[in-house]
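Peer 1: To start, I am sharing the structure in question, which I have written as structure tokens.
The values are calculated or read from the model by the stated rules, or taken from the named source; none is laboratory data. Everything numeric here is computed off the predicted structure, so don't read it as measured data. Backbone-built Cβ (ideal geometry, glycine too); neighbour counts: all protein chains shown. Each accessible area value is taken on the protein alone, full model and side chains, heavy atoms only, with ligands, DNA and RNA left out. Shrake-Rupley method; radii C 1.70, N 1.55, O 1.52, S 1.80 Å.
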Amino acid sequence: NAGVMQNPRHLVRRRGQEARLRCSPMKGHSHVYWYRQLPEEGLKFMVYLQKENIIDESGMPKERFSAEFPKEGPSILRIQQVVRGDSAAYFCASSPTTPTGFGSPLHFGNGTRLTVT
Amino acid sequence: DQQVKQNSPSLSVQEGRISILNCDYTNSMFDYFLWYKKYPAEGPTFLISISSIKDKNEDGRFTVFLNKSAKHLSLHIVPSQPGDSAVYFCAASRGGGADGLTFGKGTHLIIQP
């Protein structure tokens, strides 16, 4: 998993606070994906971004959640007014600049574990 | 609702034997299938993939079989080793993998000495 860097590894927030999760993709990758894993569940797709563009946000909750991938700097997943149900592991993945179809698997970071108290 | 299903939450296999992990999918538009391995407190690591134009792909001890008519794929690990103990996720996508992946819930493989 070296290459896709996520921070922080662990984040504790009280209900109502904001959580900011950061992801730096692998070098040369400009496609970023965010996934959420709830306890005892698989990874659920949230959002797919390219530099400065949201390509697919069909998995994002309609409220409180937003994501960005600016021209410079990491991708940010932002959760406003967190609730206990937001407690989960959030994984970021990246893929090469130009999707080459078959054989271009996503590379994942080690995740950020968000705990809402 | 669950488009990718892994019906066995856990599987216990003796070291040296074959491990077979199964995965079913419902969306006939999926054309690219992957297996990821995940250790605790780490992110998923890509293991092996197969496109819908093939029915088998092999990489060392790992082989993935795809049965499109049954919408079923399986991962075979032989021989199983202690380091194979992990959670294995089946994933699928459309469009050759450029879109986001749809994951199953995972199977926890335990290799017993």
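Peer 1: Taking the condition of being more than 13 Å from every other protein chain (Cβ to nearest Cβ) and either under 24 Å from A:Thr115 (Cα atoms) or among the aromatic types (Phe, Trp, Tyr) (or both), how many residues in segment A:26-67 meet it?
Peer 2: 6
Peer 1: Also, quick follow-up: Might you let me know whether segment B:61-78 holds any residue that is loosely packed, with under 15 Cβ neighbours inside 10 Å, on the phi > 0 side of the Ramachandran plot and outside any strand (DSSP E or B)?
Peer 2: Looking through segment B:61-78, none of the residues is loosely packed, with under 15 Cβ neighbours inside 10 Å, on the phi > 0 side of the Ramachandran plot and outside any strand (DSSP E or B).
Peer 1: Go through segment B:79-111 and report how many residues are open to solvent by less than 20 Å² (accessible area, probe 1.4 Å), assigned to a strand (DSSP E or B) and under 21 Å from A:Pro39 (Cβ atoms).
Peer 2: So the answer is 8.
Peer 1: If you don't mind, there's one more thing I want to ask. If you scan segment A:18-44, which residues turn out to be touching a Gly at 6+ places or on another chain (Cβ under 8 Å) and modelled with pLDDT under 90?
Peer 2: A:Lys27, A:Gly42
Peer 1: Within segment B:42-54, track down each residue that is in a loop (DSSP other than H, G, I, E, B) and more than 7 Å from chain A (Cβ to nearest Cβ).
Peer 2: B:Ser52, B:Ile53, B:Lys54
Peer 1: Output yes when any residue across segment A:76-97 is more than 16 Å from A:Pro8 (Cβ to Cβ), assigned to a loop (DSSP other than H, G, I, E, B) and without any contact (Cβ under 8 Å) to a residue 24 or more places away in the chain, and no when none is. Let's see the steps before the verdict.
Peer 2: First, pick out the residues of segment A:76-97 that are more than 16 Å from A:Pro8 (Cβ to Cβ): A:80-81, A:83-85, A:93-97.
So of that shortlist, the ones also assigned to a loop (DSSP other than H, G, I, E, B) come out as A:80-81, A:83, A:97.
Now restrict to residues that are without any contact (Cβ under 8 Å) to a residue 24 or more places away in the chain: none.
No: segment A:76-97 contains no residue that is more than 16 Å from A:Pro8 (Cβ to Cβ), assigned to a loop (DSSP other than H, G, I, E, B) and without any contact (Cβ under 8 Å) to a residue 24 or more places away in the chain.
Peer 1: If we scan segment B:84-98, do we find a residue that is among the polar types (S, T, N, Q), modelled with pLDDT of 90 or more and over 17 Å from A:Pro105 (Cα atoms)?
Peer 2: yes
Peer 1: Only one of these is within 11 Å of the chain's Cα centre (by Cα) and at pLDDT 95 or above: B:Ile20, B:Ile50. Name it.
Peer 2: Details: B:Ile50 fails: at pLDDT 95 or above.
So the residue among B:Ile20, B:Ile50 that is within 11 Å of the chain's Cα centre (by Cα) and at pLDDT 95 or above is B:Ile20.
Peer 1: Scan segment B:5-41 for residues that are open to solvent by 10 Å² or more (accessible area, probe 1.4 Å), aliphatic (A, V, I, L, M) and more than 9 Å from every other protein chain (Cβ to nearest Cβ) and jot them down.
Peer 2: B:Leu11, B:Val13, B:Ile18, B:Ile20, B:Met29 - these are the residues of segment B:5-41 that are open to solvent by 10 Å² or more (accessible area, probe 1.4 Å), aliphatic (A, V, I, L, M) and more than 9 Å from every other protein chain (Cβ to nearest Cβ).
Peer 1: Still on this structure, please answer the following. Yes or no: B:Ser51 polar (S, T, N, Q), open to solvent by 20 Å² or more (accessible area, probe 1.4 Å) and farther than 30 Å from A:His10 by Cβ? Reasoning before the result, please.
Peer 2: On the way: polar (S, T, N, Q): yes; open to solvent by 20 Å² or more (accessible area, probe 1.4 Å): no; farther than 30 Å from A:His10 by Cβ: yes.
Considered against the rule, which asks whether it is polar (S, T, N, Q), open to solvent by 20 Å² or more (accessible area, probe 1.4 Å) and farther than 30 Å from A:His10 by Cβ, B:Ser51 comes out as no.
Peer 1: Still on this structure, please answer the following. Among the residues of segment A:42-61, are any in contact (Cβ under 8 Å) with a residue 60 or more places away in the chain, more than 19 Å from A:His107 (Cβ to Cβ) and either open to solvent by 50 Å² or more (accessible area, probe 1.4 Å) or of a type in the set (A, V, I, L, M, F, W, C) (or both)?
Peer 2: Here is the first cut: in segment A:42-61, the residues in contact (Cβ under 8 Å) with a residue 60 or more places away in the chain are none.
Taking every residue of segment A:42-61 in turn, none turns out to be in contact (Cβ under 8 Å) with a residue 60 or more places away in the chain, more than 19 Å from A:His107 (Cβ to Cβ) and either open to solvent by 50 Å² or more (accessible area, probe 1.4 Å) or of a type in the set (A, V, I, L, M, F, W, C) (or both).
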